[in-house]
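Read-outs throughout are calculated quantities, based only on the coordinates presented, and are distinct from any laboratory measurement. Since the structure is predicted, the reported quantities are computational estimates derived from the model, not experimental observations. Here the Cβ positions follow ideal geometry from the backbone for every residue, glycine too, while neighbour counts run over all protein chains shown.
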Amino acid sequence: MEDPLTAIILDLIRRRRRITLQEIIRETQEEETRIQKILENLEKAGAIARHEETRPQPWYRRILARIAGRPVEEKIVTYYDLRPLRELVARRPGQRISERELAGLGIPPQVAVETGLLRETEQAGIYQIPHKIWRIQKMRAWRTEKNPWKYTISLPRRIKLPTQLILEGYAERQETTTLAEGVHGAVRIVVYTREPEKWPEARLERIMRGLFAQERITLEIYSNLPYVEKTQAYEAEDIDPDEKPAEIELDTPDVWLWISKDGETYAYHYIRRPWGWDYERYVVR
């Protein structure tokens, strides 16, 4: 479940469009350290943008600051809701957007450019939504040699697997809805992004291990058994924007875990939220 305070802060940023840390503290009456932690998590999740600027203080404060030997300028940190812009970018890859349209989303052009969601063009007041989208995925699978006919994993929809898994016989074809006989467990992290350098394999590995620890997933532990084989693969490739599922936001890890048991495939869909992992459980038919 979402932390109620996180929901309150997101609603404040959405309604105000531009809000400072001190304004959030005044509105929520919460401790600064707790607010800062939530804001950091929201920023990491790509839900908000943090913008810092230095402004001159009012003349009377500048005089007092000089007398006290303090800086005559103050640092202002403001927060913006990025979600409307992210939705627009996902719908209109490669298109241009005007400063007026951007203002309607409540996000200054400078902030949109700083986040990498938009690029400046040669035409004043016009910004470019980048064209290329990358699919970054890391997948791990476990296969047993003990009664392999008892285990078959069915996928909820056709997906494109990393090439290495095909080479090692964990599936017959790269685009498939089933894994090979004997594969009793598999996990896949996929990220769609315009900045693939931000998603190296080590980062996806940390996410995977953190998920295993938090959700107490034991597939990794049993991989030490003599009749269990494990493989993993990491792959990054550029794709057409239409290949990105509409329900998955850019730079948001989307995780599926599949377990074969008693002739059924149990699928767990994990979604990274600012407050932790949410998941839904399915029986694949």
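Could you list the square roots of 5 times each eigenvalue of the Cα gyration tensor of the chain, that is, the equivalent ellipsoid semi-axes, sorted largest first and rounded to whole Å? Before the final figure, lay out the partial values.
Details: eigenvalues 398, 102, 48 Å².
The three semi-axes for the chain are 45, 23, 16 Å.
Can you pull out the trypsin sites (Lys or Arg not before Pro) in the range 124-154 that DSSP calls coil and that have at most 16 other Cβ atoms within 10 Å? Each step should come with its number before you reach the end.
Working: sites: Lys132, Arg135, Lys138, Arg140, Arg143, Lys146, Lys150; in loops: Lys132, Lys146.
Of the trypsin sites (Lys or Arg not before Pro), the ones in loops of the range 124-154 whose Cβ has at most 16 other Cβ atoms within 10 Å are Lys132, Lys146.
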Approximate spin-label separation Lys146-Glu168, in nm, with each point projected 7 Å along Cα-to-Cβ
2.0 nm
Once Lys and Arg are counted +1 and Asp and Glu -1 for all other residues with Cβ under 14 Å from that of Glu120, the total becomes -1
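What does the charge dipole of the chain about its Cα centre add up to, to the nearest 20 debye, if the Cβ of each Lys and Arg holds +1 and the Cβ of each Asp and Glu holds -1?
Details: 48 positive and 47 negative charges, 100 e Å.
Its charge dipole is roughly 480 debye.
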In the range 133-284, taking the dipole from +1 charges on Lys and Arg beta carbons and -1 charges on Asp and Glu beta carbons about the Cα centre, the listed residue (Asn147, Thr177, Pro196) farthest towards the positive end is Asn147
Ranking Trp199, Trp134 by Cβ neighbours within 10 Å, fewest first, what do you get?
Trp134, Trp199
For the range 191-253 and the range 263-285, what is the separation of their C-alpha centers, rounded to whole Å?
14 Å
